[in-house]
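As structure tokens, the structure follows; a few thoughts come after it.
The values are calculated or read from the model by the stated rules, or taken from the named source; none is laboratory data. The structure displayed is predicted, hence computed values, not measured ones. Glycine gets a Cβ as well: all are built from the backbone with ideal geometry, and neighbour counts include every protein chain shown. Only protein heavy atoms, including side chains, enter the accessible area calculation; ligands, DNA and RNA are left aside. Shrake-Rupley method; radii C 1.70, N 1.55, O 1.52, S 1.80 Å.
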Amino acid sequence: MTATQDHPAITPISDVRLHEGVDDGTATGPVDSSAELVKVPVHRYTSQEFADLEQRRLWTRTWQLACCVDHVAAPGDFFEYRVGPYAVVVVRDADGVLRAYQNACRHRGNSLCTGAGSGLTELRCGYHGWTWDLAGQLRKVPGRKGFGQLKMSEFPLLAAQVDTWGPFVFVNLDLEAPGLGEYLEAVPGDTEWARIEEFRCTASVVGDVAANWKTVADGFSETYHIQTLHPELLCNIDDVNAPQRLWGHTGKSEQLYGLASPRIKDGLTDQEVWDSFIVTQGQRMGITEACPVPEIPAGETLTDVIADRVRQHVAKSGTDLSGFDTDRIMRLHQYQLFPNCSVLLTADTLSALVARPGATPGTAEMGIFAFRRAASGDAPYTRPMDLRVAFEELDLGYVLNQDAAVLAGIQRGMNQPGLTELVLSQEEKRVINTHRNLELYLGIGPRD
Ligand code: FES
Ligand SMILES: [Fe+2]
């Protein structure tokens, strides 16, 4: 896609790295107290005009998580990815090559397929029957003579970029955008220890939420809210010594679990930390009912004991975590991939959260991909369970349910005419980074 009025040339990726490998050591990081307050215009979350600009200049040009390798593992598997008005078909061709096409018939535009499935041998338009092979070449045009001089080779499917990182399949409608490897910056290297290719997607869930897509994404881009919104989680997380990094399109936060937040002045007993871990993520140990804290061996901490329980639980399904130490199991590595994806990773868990625009600026589609680590990278792929649910039925687990419950209220507040700006802390620097990238893609200034 070349620069036009609607698609202005953007600053090359190499020039927009805001912080190269910055490691702050704490959630706030070094703060310059004389620095100007960071403010963001609230209409970015509420106005149709801004949503239209995003539609034209953002969603057409960024890499987005479309589905998982599990969805398109075998030749003939396909998955239709939709974002706003756009649709991309991801398909594994007969030679095993992953392809992506804009979901549009070259005759009169009909969508070629919907949903996901397997066993596809060709892409045949259901309207008049134009048919392409999975490599995108036009093979059949019923009544071809009626078109006069129609050269089949001039009407391939409209390609989109597609590539994978571990178990994730990303697409980009812009054929001239830098490749996924460049887009993801330091993230693949930073996760190498985790062997994420061993994870298999078990389910994807999509639900509609009453909030702008950025409201959803912001909630997964800062830990500032933990002390208030997640009181139970605060009892088993160090949300203070939680270093954040920013690259260009990507950012990261790390949080160690299994110990009380330093914000809790008098500290907590091991039993209290243990209890809160069970409430918020006990399923990782296979424990969901309250029980006495196990004895802590000399020289170990409660964090070590929880890590060991996680190892024992995962071993029951044949996965060996003995190569991962306590830190690898208990430290959450949370990545932000601009514009709309968060990846949450520990040695035993992987999930990805995405937010996509809804029909209005005040609505979005929230998607979650859940994974399980297989015994090895060669483990077979099976089709994940794909669910679409009403928001009220969206059960994301104890903590994410708390995150989801505030979304509508945030959006309602942002609609109030007196509220014109949002104010952001350095603890929310990954939210700030989203806005800086948004400005680059939309070709707007920080106050627009
Ligand atoms: S619109 Fe597809 S064949 Fe006519
Ligand atoms: Fe949260």
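Brief remarks on what is shown
- Boolean, THR269 is surrounded by fewer than 18 Cβ atoms within 10 Å (Cβ to Cβ) and touching a Gly at 6+ places or on another chain (Cβ under 9 Å): no
- Condition met for ALA375 (under 25 Å from ASP77 (Cβ atoms), at pLDDT below 95 and surrounded by 14 or more Cβ atoms within 10 Å (Cβ to Cβ)): no
- Sole residue being open to solvent by less than 40 Å² (accessible area, probe 1.4 Å) and outside any helix (DSSP H, G or I), chosen from ALA74, ALA87: ALA87
- Residues satisfying the stated conditions in segment 360-372, i.e. open to solvent by 30 Å² or more (accessible area, probe 1.4 Å) and under 20 Å from the mean Cα position of the chain (by Cα): THR363, GLU365, ALA370, ARG372
- If you go through segment 302-324 and keep only what is open to solvent by 70 Å² or more (accessible area, probe 1.4 Å) and either not in a helix (DSSP H, G or I) or not basic (Lys, Arg) (or both), you end up with GLN312, LYS316, SER317, ASP320, SER322, GLY323.
- Scanning segment 129-148 for residues that are of a type in the set (D, E, K, R) and either part of a helix (DSSP H, G or I) or open to solvent by 90 Å² or more (accessible area, probe 1.4 Å) (or both) returns ARG139, LYS140, ARG144, LYS145.
Condition check ((1) within 30 Å of LEU53 (Cβ to Cβ); (2) out of contact with any helix residue (DSSP H, G or I) (no Cβ under 8 Å at 6 or more places or on another chain); (3) aliphatic (A, V, I, L, M)) across all residues:
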| site | (1), (2), (3) |
| --- | --- |
| PRO75 | no, yes, no |
| VAL83 | yes, yes, yes |
| ARG92 | no, no, no |
| GLY96 | no, yes, no |
| GLU122 | no, yes, no |
| ALA135 | no, yes, yes |
| LYS145 | no, yes, no |
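- Candidates VAL216, VAL279, VAL209: the one that is open to solvent by 10 Å² or more (accessible area, probe 1.4 Å) and among the β-branched types (Val, Ile, Thr) is VAL279.
- Enumeration of residues in segment 113-128 that are assigned to a loop (DSSP other than H, G, I, E, B) and either of a type in the set (Val, Ile, Thr) or touching a residue at least 24 places away in the same chain (Cβ under 8 Å) (or both): CYS113, THR114, GLY115, SER118, GLY119, LEU120, THR121
- Residues of segment 326-363 that are farther than 30 Å from GLU49 by Cβ and polar (S, T, N, Q): THR326, GLN334, THR346, THR349, SER351.
- Scan of segment 220-254 for residues that are part of a helix (DSSP H, G or I) and either aliphatic (A, V, I, L, M) or crowded, with 22+ Cβ neighbours inside 10 Å (or both), ordered by number: ILE226, LEU229, LEU233, LEU234
- Segment 90-112, residues that are under 19 Å from GLU365 (Cβ atoms) and either in the same structural domain as MET385 (by TED's automatic domain parsing) or in a loop (DSSP other than H, G, I, E, B) (or both): ASN103, SER111
- The set of residues in segment 325-342 that are aromatic (Phe, Trp, Tyr) and in a loop (DSSP other than H, G, I, E, B) contains only PHE338.
- Check on ARG331, modelled with pLDDT of 95 or more, more than 16 Å from ligand 1 (Cβ to nearest atom) and more than 26 Å from ASP239 (Cα to Cα): no
- Tally of residues being open to solvent by less than 60 Å² (accessible area, probe 1.4 Å) and within 11 Å of ligand 1 (Cβ to nearest atom) across segment 90-109: 4
- Among the residues of segment 384-398, those that are crowded, with 17+ Cβ neighbours inside 10 Å and touching a helix residue (DSSP H, G or I) at 6+ places or on another chain (Cβ under 7 Å) comprise PRO384, LEU394, LEU396.
- Filtering segment 149-162 to residues that are free of Cβ contacts under 8 Å to residues at least 60 places away in the same chain and not in a loop (DSSP other than H, G, I, E, B) leaves MET152, SER153, GLU154.
- In the set (1) more than 19 Å from THR60 (Cα to Cα); (2) out of contact with any strand residue (DSSP E or B) (no Cβ under 6 Å at 6 or more places or on another chain), the condition left unmet by PRO361 is number (1).
- Beta carbons closer than 9 Å, at least 6 apart along the sequence or on distinct chains, pair a first residue in segment 17-45 that is farther than 30 Å from ARG412 by Cβ with a second that is open to solvent by 70 Å² or more (accessible area, probe 1.4 Å) and modelled with pLDDT of 75 or more for GLY25/ASN241; THR26/ASN241.
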